[in-house]
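The structure appears below as structure tokens.
The values are calculated or read from the model by the stated rules, or taken from the named source; none is laboratory data. Just so it is clear, the structure is predicted and the values come from calculations on it, not from any experiment. So basically every Cβ, Gly included, is an ideal-geometry build from the backbone, and we count neighbours across all protein chains shown. Surface areas here come from the heavy atoms of the whole protein model, side chains and all, with no ligands, DNA or RNA. Shrake-Rupley method; radii C 1.70, N 1.55, O 1.52, S 1.80 Å.
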Amino acid sequence: MRDEAALLVAEVYEAAGALRRLGERTAGTEGLTQARWQVMSAVSEDPLTVPQVARRLGVTRQNVQRVANDLVQLGLAVFTANPDHRGSPRLGLTGSGAGALGRLTERAEVTHRELFGEIPEDEIRATRTSLRRLLDALDRHQDG
């Protein structure tokens, strides 16, 4: 009998890789990388510090700092003073950054409709529920 859990893990990795490649292609339409797109998305609602972005994305502070510096250099983001912590400024989007993010979001929505168009919404919801349960179990396993 095959190990269904092992097959699921393999398929999740395969899907993650394919989605990463798709994200890179989508981000590339605006001259960006997926990492830049993710950081821009993280600060799109409210400016955040680099450590806050890193925690939200589950990556290292150093990686976010490099990406944030790139975004500032490209004129897509700006660091502003943080009244709560002078040594940790907040990163927010510029008008150009918000425009680029909006265009990427629109492209992604079109792609998602194409990709998921033939999958019933209840199946998508059930898959999300199962993945959330798996992620919660992984968090408990890591903490324990």
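Computed over neighbours whose Cβ is under 12 Å from that of M40, the net charge equals -1, Lys and Arg +1, Asp and Glu -1. When both region 1-71 and region 74-120 are represented by their alpha-carbon centers, they are found 12 Å apart.
Projecting the Cα atoms of S44, T33, F79 onto the dipole axis of the chain, where Lys and Arg carry +1 and Asp and Glu carry -1 at the beta carbon, places F79 farthest toward the positive end. GNM on the chain, alpha-carbon springs under 10 angstrom: the most fluctuating residue among L76, L93, L57 is L57.
Which of these, E123, E109, E14, has the largest mean-square fluctuation under a Gaussian network model of the chain (Cα springs below 10 Å)? Among E123, E109, E14, the largest mean-square fluctuation in the Gaussian network model of the chain belongs to E123. Average accessible surface for the chain: 72 Å² per residue, computed with a 1.4 Å probe over protein heavy atoms with every protein chain in place. Each Lys and Arg contributes +1 and each Asp and Glu -1, all at the Cβ; summed about the Cα centre of the chain, the dipole is approximately 600 debye.
Rounded to the nearest percent, how much of the accessible area of the chain (1.4 Å probe, protein heavy atoms only) is carbon and sulfur? C and S fraction of accessible area: 52 percent.
Taking G95, G58, G75 in turn, the Gaussian network model of the chain (Cα-Cα springs below 10 Å) assigns the largest fluctuation to G58.
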